[in-house]
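Since every read-out is calculated from the coordinates, none of them should be taken as a lab result. This is a predicted model, so every value here is computed, not measured. Every residue, glycine as well, gets a Cβ built from its backbone with ideal geometry; the counts of neighbours run over all protein chains shown.
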Amino acid sequence: MSSGGVKDFYRLKKKGGVTKAASSSKKKTQQYTGGASVGAPDTAQTSALVSHGSWDLKDDFGDQEEQLRQFDMDMKFGPCIGVTRLQRWERASAMGLQPPAHLRDLLLHAPSTKNRGDGSPSVECLWEGKV
Amino acid sequence: MPVPKPMERKQAAYSNLDERYAIQGEKYQGQQYSHIYFTRLRHMRNLLHALVPSLKPLLPVTTVLGLEEGKDCILVGTLYKHMKLKPSILDEYAKERSAIPLVKPHNFMHPDDHLILEDESGRVTLAGAIPTAAFVTGVVVALHGKETSAGNFLVEDVLEAGLPPQTALSSAAEDKYVVFVSGLSVGSDTFNPLQFQLLIDHVTGHLGDENEQSIASNIVRVVVAGNSVHISPRFVNGQTVASKDQSRIAEPIKELDIMLTQLVASLPVDMMPGCHDPANFSLPQQPLHRCLFSGASTYNTFSSCSNPHQFELDSVQFLGTSGQNIDDLYKYSDAKDKLEFMERTLRWRHLAPTAPNSLGCYPYTDKDPFLVESCPHVYFVGNQDKYETRLLEGPEKQKVRLISIPRFSESGAAVMQWSQAQPNLCLIASLQPGPSSTISNCQLEMLFDFGPAGHIPHNRNGKEERTDEIRL
């Protein structure tokens with residue numbers, strides 16, 4: 001796995017261009033159960049950059065995912081790790097914290113993790129699979 | 001010889017309020033305990049924000065991050081007590097593993113302990129007029145004070161939520177009793193089957209003359225508050241059990257079931273799990289499975305309940321635990337007696353503030369079931385060292401009877417609570433075999449009859465000795 005060295009991390013090509021590294025790290029990420037920590041020691045660094053089997057480069061997700069990430073990070077609604085975003089939204093709503101209503105619609109129509117494409121909103125929180 | 005008139009046992013309207021403690025619907029997704037602390041802080045903060053203006057008007061309420069040096073304000077957050085002697089999970093990696101558990105002190109307090117207040121934005125060390133020995137991690141309070149130049153928060157006053165509101169008691173005509181017993185420990189060395197049988201006979205009305213029997217007919221319920229069995233530690237310490245020993249593991253439960261069957265045939269019984277019972281470890285403990293009680297569970301008077309247990313009998317609200325919450329408070333804080341710990345849990349409006357810090361707890365994501373929303377009329381704790389009781393009065397006319405139930409296997413005492421119109425009356429019946437230790441020679445002592453708060457206790461019947469044979 002460390003055959004590529006540093007070059008693998010700083011590739012300029014977007015995801016899809018690297019097949020060997022992506023497939024083995026995808027296998028690693030699918031081994032976890034619920035928010036437990038990921039991967040063998042020598043692939044730890046690669047896993048940190050990988051999200052759901054593809055490279056997680058900064059400008060690679062849409063505006064909707066950005067909004068959802070802001071929702072995850074907002075401390076007012078409580079911790080985000082360990083619950084799905086929809087559950088967290090429902091909890092916040094039940095407590096009277098008035099989370100933005102349009103996010104709920106986003107989450108209800110979000111595709112499941114398996115067939116997610118690029119940049120579409122995720123059902124799970126931002127840290128899912130990474131911590 | 002006149003035929004004695006058959007006596008009928010009194011009935012009471014019972015409703016079980018344990019739904020909040022059921023874990024059946026919960027699905028574990030790998031979450032941690034941060035959620036339970038969040039819901040606790042959120043709920044208590046709403047309460048405290050409502051109370052603060054009436055107690056400390058004109059003072060601004062800020063978050064930890066919004067503190068300004070020298071400015072008087074109110075902070076609301078969760079307390080964390082930094083304890084030097086608190087056992088850490090990392091110690092297990094430092095020390096060698098041995099079969100004998102390391103000797104632990106009963107109480108982990110140390111003069112160097114200090115309190116820290118934490119909310120979502122940050123934490124701040126506390127100093128000043130806050131008694132560190134009285135508080136534990138997990139309590140949510142409002143503090144009045146100011147930030148010092150050293151970066152600490154100098155506390156001037158502590159505001160607890162106080163006793164929750166209580167529903168009024170409806171006055172009733174008849175006397176009805178509830179018997180509380182805990183720590184039966186069937187299967188242990190200290191268990192004396194004679195004592196338990198005496199208790200059963202007394203409660204079912206097979207003991208004594210008409211006076212005793214009429215008292216027994218007023219008993220409407222028996223609540224067994226935990227630790228009913230004691231399974232020998234050598235069977236459950238991870239070593240393989242020899243096949244000849246395997247059938248012996250369940251013997252205490254079978255024995256308990258046989259004796260319980262006598263009890264349930266006569267009156268309703270609530271069975272709560274305790275720390276030594278075959279139930280889950282973390283709170284809330286789920287009801288013991290009915291397969292353990294093959295005899296008793298055939299009766300509809302047998303209810304297996306959760307720990308903590310909440311129920312209502314004829315509009316009297318009861319709430320209690322098998323002792324884990326109070327025992328944990330005893331390890332991490334100081335009070336003059338166990339009743340004071342119980343009083344504090346009511347004032348903090350939380351049954352088990354040390355959960356999940358030092359007391360095992362299920363990691364709920366959207367609720368904290370230990371929050372006490374309405375004040376019970378009777379608050380009981382099982383498996384304590386001795387019997388104690390007090391009537392606690394609140395500022396809004398709340399009246400709570402606090403009861404600390406002693407371990408039956410050690411004391412031979414069960415507590416009988418007069419549940420109707422005057423919940424402040426409490427009798428204790430101590431059943432001990434007499435000097436010759438036979439069932440035909442036993443003493444039934446009715447000890448104290450506590451009048452309304454402030455009265456001197458007086459003996460009710462004095463000691464009564466029964467030397468006739470007991471006819472069953």
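If you scan the stretch B:41-59, which residues turn out to be surrounded by 15 or more Cβ atoms within 10 Å (Cβ to Cβ), within 21 Å of A:Gln98 (Cα to Cα) and away from chain A (no Cβ under 11 Å)?
B:Met44, B:Leu47, B:Leu48, listed by residue number.
Name the pairs: first residue in the stretch A:75-91 and at the interface with chain B (Cβ under 7 Å from one of its Cβ atoms), second residue surrounded by fewer than 21 Cβ atoms within 10 Å (Cβ to Cβ) and in a helix (DSSP H, G or I), Cβ to Cβ under 6 Å, at least 6 apart or on different chains?
Qualifying pairs under 6 Å: A:Pro79/B:Ser34.
Return the residue satisfying two criteria in turn: it lies in the stretch B:374-389 and is over 17 Å from B:Val179 (Cα atoms) and surrounded by fewer than 20 Cβ atoms within 10 Å (Cβ to Cβ), and of such residues it is nearest to the other protein chains (Cβ to nearest Cβ).
The selected residue is B:Ser374.
Look through the stretch B:219-235, keep the residues that are surrounded by fewer than 19 Cβ atoms within 10 Å (Cβ to Cβ) and touching a residue at least 12 places away in the same chain (Cβ under 8 Å), and return whichever of them is nearest to the chain's Cα centre (by Cα). Explain how you work it out, then say what you get.
The first filter runs over the stretch B:219-235 and keeps only residues surrounded by fewer than 19 Cβ atoms within 10 Å (Cβ to Cβ), leaving B:232-235.
This time we only want the ones that are touching a residue at least 12 places away in the same chain (Cβ under 8 Å), so: B:232, B:235.
Numbers: B:Ser232: 24, B:Phe235: 27 Å.
Here the residue is B:Ser232.
From the set of residues in the stretch B:48-78 that are among the hydrophobic types (A, V, I, L, M, F, W, C) and part of a helix (DSSP H, G or I), which is nearest to the chain's Cα centre (by Cα)? First the steps, then the outcome.
Taking the stretch B:48-78 and keeping what is among the hydrophobic types (A, V, I, L, M, F, W, C), we get B:48, B:50-52, B:55, B:58-59, B:61, B:64-65, B:67, B:73-76.
From the residues that got through so far, the ones that are part of a helix (DSSP H, G or I) too are B:48, B:50-52, B:55.
Values: B:Leu48: 25, B:Ala50: 29, B:Leu51: 27, B:Val52: 30, B:Leu55: 31 Å.
Going through the qualifying residues, I end up with B:Leu48.
From the list B:Arg347, B:Arg390, pick out the single residue that is touching a Gly at 6+ places or on another chain (Cβ under 9 Å), of a type in the set (Lys, Arg) and touching a residue at least 12 places away in the same chain (Cβ under 8 Å). Can you show your working first?
Details: B:Arg390 fails: touching a Gly at 6+ places or on another chain (Cβ under 9 Å).
Of the residues listed, the single one that is touching a Gly at 6+ places or on another chain (Cβ under 9 Å), of a type in the set (Lys, Arg) and touching a residue at least 12 places away in the same chain (Cβ under 8 Å) is B:Arg347.
Give me the helices (runs of 4 or more DSSP H) completely within the stretch B:320-412, filtered to those with at least 1 residues that are under 12 Å from the mean Cα position of the chain (by Cα), ordered by residue number.
Details: elements: B:324-332, B:338-347, B:408-411.
Ranges flagged: B:324-332, B:338-347.
All but one of (1) of a type outside the set (Val, Ile, Thr); (2) closer than 26 Å to A:Cys80 by Cβ; (3) surrounded by 22 or more Cβ atoms within 10 Å (Cβ to Cβ) hold for B:Leu371; which doesn't?
(3)
What number of residues within the stretch B:18-40 satisfy the criterion of being within 9 Å of another protein chain (Cβ to nearest Cβ) and not hydrophobic (A, V, I, L, M, F, W, C)?
The initial filter retains those residues of the stretch B:18-40 that are within 9 Å of another protein chain (Cβ to nearest Cβ), namely B:28-32, B:34-35, B:37-39.
Those still in the list that are not hydrophobic (A, V, I, L, M, F, W, C) too: B:28-32, B:34-35, B:37, B:39.
Qualifying residue count for the region: 9.
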